[in-house]
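A quick write-up on the structure given underneath.
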């Protein structure tokens with residue numbers, strides 16, 4: 001992983017010192033992003049920290065050309081330290097979720113990652129960070145770590161009603177963009193705000209105006225067309241309300257650009273507007289976005305030139321119930337509406353465009369020419385044809401990390417990858433240059449008696465071998481605890497430690 005350098009921090013703070021209204025040449029015409037020359041594009045949101053972990057890095061599980069990973073928030077309410085969902089630091093997410101590796105694999109697939117800051121839950125960084133400089137550093141640590149070219153700012157909930165935080169947010173984002181420009185890079189910024197059928201409400205308009213007043217160059221406005229205050233009238237669908245919300249937001253976006261001194265019009269604003277729908281059952285009763293609505297929205301996007309469509313979420317793109325559809329279910333792992341697996345994704349993926357920052361900036365994560373194949377850097381055990389692997393076990397083979405999808409033995413992960421067949425292994429992604437072999441903590445001498453081949457052990461007794469602890473599953477004599485690694489079912493010993501890569505017990 002790359003880490004932000006002191007030089008980069010100082011350069012960002014220096015940009016802040018230039019002030020929001022001077023120091024760097026910036027024309028009013030640059031405030032609005034250039035209309036995209038690409039076709040409309042699809043980018044699903046992924047609930048990155050949800051259980052079970054969704055394999056967004058797999059082209060089979062994710063047909064989109066770009067994905068939005070949410071959400072980066074403050075580690076605690078009073079902390080200006082970025083975290084994933086308040087549950088993982090950036091380092092913990094790389095270690096426990098292999099997030100950096102999965103983003104790298106997404107890049108190897110020719111797709112891209114967009115990170116979303118904020119969201120409905122937890123404390124957003126712009127609220128937790130009390131100064132613009134500290135907020136810049138928090139944002140930069142994430143942008144730099146994942147080599148991001150596009151970010152999404154999801155402002156909702158209590159953050160909408162915090163003008164000071166939103167002004168701080170706007171100033172910090174402008175500084176990030178100016179610092180990126182000084183390095184001849186691009187940082188595209190999407191602003192995500194909730195809407196009603198009549199468009200943005202007053203607090204949302206204030207957030208939009210604050211961004212433009214700070215001269216943030218917006219790639220676009222993403223309207224959260226979901227969870228409306230009133231369900232669709234009887235005999236109508238969610239599609240009508242979604243289209244109404246976008247018609248209204250389009251006019252509001254054009255007017256906001258004009259207030260900021262940017263030439264715009266409703267026809268131009270469509271190319272700087274996106275929408276996010278909640279597929280299936282929304283959080284509000286009576287609101288259900290169906291696959292027919294999705295098909296209609298794709299036609300609408302093509303007709304008006306809508307820049308992007310997103311959905312909440314890729315984790316939910318399956319039918320509730322294994323045989324018969326369960327409708328009206330509000331779940332984070334299924335849609336609550338009749339559908340086939342990934343049907344919403346495949347409908348929206350008919351929009352074949354690519355987010356401009358992906359096409360202009362290339363892959364989001366810069367990788368070495370070949371994956372790191374040095375065993376000393378392997379973060380998990382090297383795959384062996386002689387060992388059985390239960391579901392969830394992670395291994396390294398030829399510089400790639402794999403996870404067992406079900407119990408298997410003597411099933412070569414790399415052979416599965418070469419044939420493209422579905423098998424027992426899921427490709428997580430490449431071993432990164434920053435990875436290294438983990439160490440299993442050893443026990444202090446004398447913690448348990450040292451195992452002896454001549455002793456008889458009763459079930460429940462604990463011993464040590466090579467500094468590691470074991471507990472006897474049944475009475476035994478002469479059976480080395482080391483055998484638990486090669487044949488855990490037959491071994492009379494259970495390890496009292498976890499090998500990196502093993503599934504949680």
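The values are calculated or read from the model by the stated rules, or taken from the named source; none is laboratory data. Since this is a predicted model, take the numbers as computed values, not measurements. Here the Cβ positions follow ideal geometry from the backbone for every residue, glycine too, while neighbour counts run over all protein chains shown.
Some points to look at:
- The one condition in (1) in a helix (DSSP H, G or I); (2) under 17 Å from residue 82 (Cα atoms) that residue 208 fails to fulfil: (2)
- The one condition from (1) modelled with pLDDT of 95 or more; (2) surrounded by fewer than 18 Cβ atoms within 10 Å (Cβ to Cβ) that residue 274 does not meet is (2).
- Per-region count, segment 265-303, residues under 20 Å from residue 236 (Cβ atoms) and either in contact with a helix residue (DSSP H, G or I) (Cβ under 7 Å, 6 or more places away or on another chain) or free of Cβ contacts under 8 Å to residues at least 40 places away in the same chain (or both): 17
- Residue 115 vs. criteria in contact with a helix residue (DSSP H, G or I) (Cβ under 7 Å, 6 or more places away or on another chain), closer than 21 Å to residue 50 by Cβ, at pLDDT 95 or above and not in a loop (DSSP other than H, G, I, E, B): yes
- Considered as a group, the residues in segment 398-435 that are more than 25 Å from the chain's Cα centre (by Cα) and in a strand (DSSP E or B) include one that is nearest to residue 54 (Cα to Cα), and that residue is 408.
- Test: residue in segment 378-397 that is without any contact (Cβ under 8 Å) to a residue 60 or more places away in the chain, surrounded by fewer than 17 Cβ atoms within 10 Å (Cβ to Cβ) and under 28 Å from the mean Cα position of the chain (by Cα): yes
- Qualifying positions in segment 451-462 - outside any loop (DSSP other than H, G, I, E, B) and under 46 Å from the mean Cα position of the chain (by Cα): 462
- Elements of type strands (runs of 3 or more DSSP E) in segment 9-105, at least 3 residues being under 12 Å from the mean Cα position of the chain (by Cα) and either at pLDDT 95 or above or surrounded by fewer than 18 Cβ atoms within 10 Å (Cβ to Cβ) (or both): 45-47, 66-74
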